[in-house]
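Note sheet for the following structure.
Taken together, the values in this text are just the output of simple stated rules run on the coordinates, not laboratory data. Bear in mind that the values here come from a model prediction, so they are computed numbers and not experimental data. When we count neighbours, we look across all protein chains shown, and the Cβ atoms used for this are built from the backbone with ideal geometry, even at glycine.
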Amino acid sequence: MRKVLQLIFGDPRNVTSVALALLAAYGLSRVAPAASGALLVLILIAAAAIQAF
Amino acid sequence: MSAAQWGGASAIFLASAVEWVEAFTIVLAVALTIGWRRATGAAAAALALIAILVAVTGAGLEAAEADIDLIRAAIGVFLLLFGLRWYVKAVRRFAGRTPLHDEALEFAQTREHLEQSEGRAAWVIAFKGVLLEGLEVWLLVVALGHALSYAAAAGSALASLVAVIGVGFALQAPLTRVPENSLKFLVSCAILSFGSFWAVGGIVGEQVAWPLGDVTLLLLFAAYAVAGRVVARAARASRPDGALGVRT
């Protein structure tokens, strides 16, 4: 079961990165909805970069 | 099929191929220990379980009367979780921070493990190996199939399985020449693109968030692909010599 959950969600860093990106995109969508997608992409790339180093 | 559907079907085909190659290595190692008949029996049992999972969850999601935007947003979030995990792993492997997945080593380790196992234990190893790799295929088929088409999604995974089995049986050896990391990287870019598109589209509204429509998927794919290679190059350049991480 643990393995299956890991397959779906990944490790805590993975979950945190996606949650942060979604929260930030949601927050920005209240003031600049057209930019929220770009922000999500940037945060995910930054999260990947942090984990790659 | 639309361009987005072709993209989704291709992503499933390639992602499944990576998983089936890894599963084939395990089945091959087991077959050389307990024979092809029992090893393929174990693999077939695991595949049957995966097929049942796909049918049950697919039918359940289709029958669900939830808002389509809500379902797409939920699937988008799931794809982001799944895609980011693969993306980070592939970038780290390009950067030399994590060793590349080595099918020959995997084969040798499984054979070594099997030498100390009895026939039934070997059967279980083949069953579990195929099941675990197949579960990732199931997740993708269900996630992408809901928004694209279950027939196309399941068909892509099945076509991929047939291709890997065909090549594997012809070679009778681990498929070491498949560029697993490059495939995994490309697939993760595609999964992240679909995930971003649907997750943000579900929150904000697709027309507002992505005014260019389906073309956005190509732009997102390009952005993730270019950024991933740039990050990998930078991470490789700053890597202390010989600092390879734990094999995952």
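Tabulated results
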| read-out | value |
| --- | --- |
| Spatial separation of Cα centroids for the stretch B:1-35 and the stretch B:139-203, in angstrom | 7 |
| Prolate/oblate/rounded label for the protein assembly as shown (Cα gyration tensor, a/c 1.5) | oblate |
| Debye log10 I(q)/I(0) at q = 0.18 Å⁻¹ for the stretch B:3-237, Cα point scatterers | -1.30 |
| Mean separation of Cα contacts under 8 Å, 6 or more apart, over the residue count of the stretch A:2-52: relative contact order % | 32 |
| Backbone HN-Hα couplings from phi across the stretch A:35-48 [Karplus 6.51/-1.76/1.60, Hz, Gly and Pro as x] | 9, 5, x, 4, 5, 4, 4, 4, 5, 5, 5, 5, 5, 5 |
| C-alpha center-to-center spacing [the stretch A:3-53, the stretch B:45-113] in angstrom | 18 |
| Among B:234, B:39, B:122: highest mean-square fluctuation, GNM of chain B, C-alpha pairs under 10 Å | B:234 |
| Value at 222 nm in deg cm²/dmol, rounded to 500, when DSSP H runs of n ≥ 4 in the protein assembly as shown each add -39,500 (n - 2.57) | -28000 deg cm²/dmol |
| Rounded, prolate or oblate (a/c below 1.5 giving rounded, otherwise prolate when a/b exceeds b/c) for the stretch B:1-116 by Cα gyration tensor | oblate |
| Residues B:150, B:224 arranged by fewest to most Cβ contacts within 10 Å | B:150, B:224 |
| Degrees, to the nearest 10: B:36-63 long Cα axis against longest axis of chain B | 20 |
| Selection of trypsin sites (Lys or Arg not before Pro), the stretch B:113-216, meeting DSSP coil and at most 13 other Cβ within 10 Å | B:177 |
| Karplus-derived 3J(HN,Hα), 6.51/-1.76/1.60, for each residue of the stretch B:122-132, Hz, glycine and proline x | 5, 4, 5, 4, 5, 4, 5, x, 5, 5, 5 |
| Chain A - Rg over Rh from alpha carbon coordinates, Kirkwood radius | 1.09 |
| Hz values of 3J(HN,Hα) by residue in the stretch B:202-217 - Karplus curve (6.51, -1.76, 1.60), Gly and Pro given as x | x, 7, 9, x, 4, 5, 6, 6, 10, x, 7, x, 4, 4, 4, 4 |
